[in-house]
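Nothing in this text is a laboratory measurement; each read-out follows from the coordinates by a stated rule. Model, not experiment: these values are computed from the prediction.
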């Protein structure tokens with residue numbers, strides 16, 4: 001009988017070693033999960049604002065979400081790419097051309113790779129403002145813009 005217990009004890013000893021390896025593997029595998037680097041950008045409610053704007057067509061709600069995202073991101077970390085431009089486009093659609101230009105310029109400063117697009121948008125807004133100014137002068141009675 002003594003010989004029969006020998007293989008059982010050897011098997012238990014191997015099982016104990018196996019459990020040690022399993023536990024060690026779990027500890028090593030789970031360790032890095034708690035060590036994630038901090039987020040590079042503070043996205044806040046950016047996705048919700050895009051959804052509200054493009055799907056629900058809720059411009060006021062989208063503007064509120066974008067404003068919250070901008071404020072939170074400026075306080076905590078860097079503003080994500082495109083948020084200044086998106087907010088500038090909302091301002092443009094609302095008719096606040098000066099505010100739109102300001103946001104496009106902020107986007108250009110924060111993300112130089114967007115400089116070509118932002119410069120083109122600013123240029124278009126300025127051309128549109130000049131065109132509207134000339135049209136308004138012609139419509140004003142007694143204005144100096146008469147031919």
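Taking 0.36 nm per intervening residue step and subtracting the Cα-Cα distance, what contour gain separates residue 71 from residue 110 on full extension? Don't skip to the end; give the middle numbers.
Values: separation 39, 0.36 × 39 = 14.04 nm, distance 1.52 nm.
Extra length available between residue 71 and residue 110 comes to 12.5 nm.
So how many Å³ per residue does the convex hull of the Cα atoms of segment 46-132 work out to?
90
Can you tell me how much longer the chain between residue 7 and residue 128 gets when fully stretched, taken as 0.36 nm per residue apart minus their C-alpha distance, in nm with one decimal? Don't skip to the end; give the middle numbers.
Working: separation 121, 0.36 × 121 = 43.56 nm, distance 8.98 nm.
Separation in residues times 0.36 nm, less the Cα-Cα distance, equals 34.6 nm.
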